[in-house]
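The values are calculated or read from the model by the stated rules, or taken from the named source; none is laboratory data. The shown structure was predicted, so the numbers you read here are calculated from the model rather than taken from an experiment. FYI the Cβ positions are ideal-geometry reconstructions off the backbone, even for glycines, and counts take in every protein chain you see. What goes into the accessible areas is simple: the full protein's heavy atoms, side chains included, and nothing from ligands, DNA or RNA. Shrake-Rupley method; radii C 1.70, N 1.55, O 1.52, S 1.80 Å.
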Amino acid sequence: MKDFYRNGASALVFGALLLCGFATTIQPAVSQTKTYQKDLTRGLYQMVKKDYESAVASFTLVLRDNPNVYEAYLNRAAARSEIRDFEGALSDYDQAIKINPNVVESYIKRGQLHAKQNDFPPAVEDYTLALRLSPKNSTALLNRGAAYKRIGDYQKAITDFSTALKLDSQNYDAIKERADCRAKSNDLDGAVEDYEFLLKKNRPGASALRFQLGEVLLLKGSKGSADENFRQVIAYHTKNLKGSRKNGDAYLQRGLAYAKLGDTDKAIADLQDASAWKADESVTRYNLGRLKLSKGDTKGAIADLSEAVRLSPKYSPALMDRAAAYATQGEYLNAQKDLDAALNGEKTAEGFYNRAMARLAIGDTSGAVLDIAEAKNFGAQFVTNKKQSLQEAISAKEAKGEKDLALADLLEQAALVDIGENNGDSAESLEKRALAIKEKMMSKNDPKLAYSYMMLGRVYLKKRSTTKAEALFRTAMTRLKNNPDGTQKFAIFNLEDCAKLLIQSSNQEEAGAILIDTRMARVSNGMNERSFTGDLSRKADRAIESFKKRKRAAAQEEAAQQGGGSETAAGRPVEEIAAAAVAPARRGNEKPIRDKWALIVGISKFKDSSINLHYCAKDAKDFYDFLVTEKNFAPDHVQLLTDSTATRANILSLLGNKWLPRVAEPDDLVVIYFSSHGSPSTMDVGGVNYLVAHDTDVNDLYTSGIAMQDLSRIIKERVHCDRVMVLLDACHSGVAAPSSKGLARAANVDVDSIVQGTGQLVLSSSSPEQRSWESKRYQGSVFTRHLIEGLRKNGKMTTLGDAFGFLNEEVQREVMRDRGVLQNPVMKSKWEGSDLIIGAPAARPSKGIGNIELPDQPKTSTAGSGDGAKPIKASPPKRVR
């Protein structure tokens, strides 16, 4: 951490480097008129007298009649800068350079103006332009070195200071600044060499130099030598205080030395005396706050540090220590704000490291990983020392048998450091240990558990296991969707980082699948933070277009094969559909099934072709074919809606008015199968989940989608049947990679919330935290394929329990082998009595109701149901298998 010596001396040096003001400017050119010379000389005299406004007026008189006198612009700019008219000053420097671009001082002065406003990159550019005109200009070298230092580019700063020393080997400022940069860049031996050289040459400033040398020796691990330097500092100021007890600076500097020796009480006493005797108040209060923080007085530390910041709003060390105090109290957002401000002023390894840990605590794992990498760039040894401290703390807790959340936090911090050091295997081991503790001690809905999922995802991203990383980020996004702190955005950032990696590795389609979804999430949440810009934005657009192109090609192939595509997915909340799915449970399930009915919906082609899927229609046709040919469902008892016939109005009409309520009786069996997109609740202001029909407008789900709650209510209130089974294989648009059934899926529906109070049985393709996948081995959903195979297991009399056991095992096995991730189908029910056998013949079948006039009449259709659903004329589809 910085102290008075480092900050005070550094500030003085930087100020000296900027003092290339009017007094050292070029002399006025020989005047062409007496008025010209008189006004210019008057303006220079007024600047010496610090009458800057009058000077501006004098230089303006020169320019009124002589607009090409660059000296007048140059000096008026200096005067304007003194009265803080920075915009006017910059304009004058620009004009002076335009008139005469070969004047070195014009670039130096404009660079100084940029630096005065803490705008260091353009300052570097100006000093570089000056050095092109005058390569041995020591002022430009020293100023550029100082600017590089403020940016945090210590190596370039060292180069400039070293070059300046070749011109003047005794230049105190160059040696002092180089020593500081060497210390910051971990060249500790070089820093010691510079400080020892200065001590030999500069006895009056020995106390400050000894303090800084002691700091470097501490970093080297030479505690004995460091302590000796601090004791000499104490002795020097103690002697001075004997002559005058009113020396505030002496108290301040002696107090800082006591603090380095660990004598906190004496340090605090001296700093309080320093404050009483008017030492630099911001530095004094900063160091008081830092010492109180070390003693555990967080509240007192924040009070002193806040006063230091009030007095010097850009005082980076005070901001960093106040951030540490906030973090101690769990106020991580305040901590990050202070660290942001500190790093805007000066970039250091400590600042980036501390901000990385603050970001980790609030779930911003993407930002944390970036910061830990920057910390390593600015001070590899600092990060190594921090890692060693973490390892010691972890070992101490484990030795005491303390496997608590504090240990989990330490393990997670160590994992983050390992990511920064490219040690993926160690990071994975540490993060899994942390996650194991948190899963035991936290509730499933604790947002901090989702933060840990994202952290493990970052580990996998570092190891380039993008599929595993994406799955964890999806899980976190689902868990955080209702978090009032808005931390779901961090899952979005992580998914976009995953997409960046896929773009870099030329996996355009998979990146596009992710980016479609994150863009929808950004729009629904009104997010602009960390958006892609420039070339990266263009690459993202190309990835999305590549993904859409693949979908269009698949649709054309489907049309050519006349077999459609079945696209299943699991990204929408199953909970609500299931609930609706099943009518209120009766206790009469032991009775024979009187008759059997089924509504099957599968949509691959949408009115909005940009959201087309691959295999949903094919899966629906396969399931229709299976029920009719193998499970004793009469063709006129099954309604099949695919693609253009599966409009919102047609689906709701068959469910709620024109068909199921008119045919299904209490002792019947109703099967409802749905394969399409499902929207996450975050896309709706009311938190509602929707199924996407053929004509749904994804930008207006409320009026054009099928709300899960409405589906539940319709089934419960209108389908007067005791046996209802709902099968959900719905894709959350853009959530999965292209290989996961056309569009990837983030997480499935929570079946529990659907089943409760609504009826009998709901079967979903995966659990809420997982994704549902299409097969790498065949065209179709892994879920629907194994569902059909499971229901065939023992012929027509296979029980649903036996089928589900087979389904769960086979889906998990195939997805694990092909994808390396889990997919576990979920079944929830209020079923009572014997296990359901959907192939059982109807005991007293009735005839279908014939033609059904649906609200939407497409020009052509692949939908139909035997002799029903007319005038939508379509015969039952041929068996695909």
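Values as computed for the structure displayed
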{"item": "Under 16 Å from the Cα of Lys200 - aspartates and glutamates, other chains or at least 8 residues apart", "result": "Asp173"}
{"item": "Mean accessible surface per residue for region 154-249, computed with a 1.4 Å probe while every protein chain stays in place, in Å²", "result": "49"}
{"item": "Partners for Lys716 among lysines (Cα-Cα distance below 23 Å; same-chain residues under 8 apart left out)", "result": "Lys591, Lys596, Lys658, Lys828, Lys830"}
{"item": "Accessible surface ranking that places the most exposed of Met816, Met441 first, with a 1.4 angstrom probe", "result": "Met441, Met816"}
{"item": "Too-long pairs where the Cα-Cα distance tops 21 Å, listed order kept, from Lys184/Lys266; Lys314/Lys337; Lys314/Lys347", "result": "Lys184/Lys266"}
{"item": "Cleavage-rule hits, trypsin sites (Lys or Arg not before Pro), region 46-114, DSSP coil, Cβ neighbours within 10 Å at most 14", "result": "Lys49, Lys50, Arg84"}
{"item": "Å² per residue, accessible surface of region 416-519 at 1.4 Å", "result": "38"}
{"item": "Chymotrypsin sites (Phe, Trp or Tyr not before Pro) within region 326-398, DSSP loop, no more than 16 other Cβ atoms inside 10 Å", "result": "none"}
{"item": "Residue (of Asn240, Tyr258, Ala226) at the positive-pole extreme of region 145-274, dipole from beta-carbon charges", "result": "Asn240"}
{"item": "Listed residue (Phe378, Ala396, Gly363) projecting farthest to the positive dipole end of region 352-468, Cβ model", "result": "Gly363"}
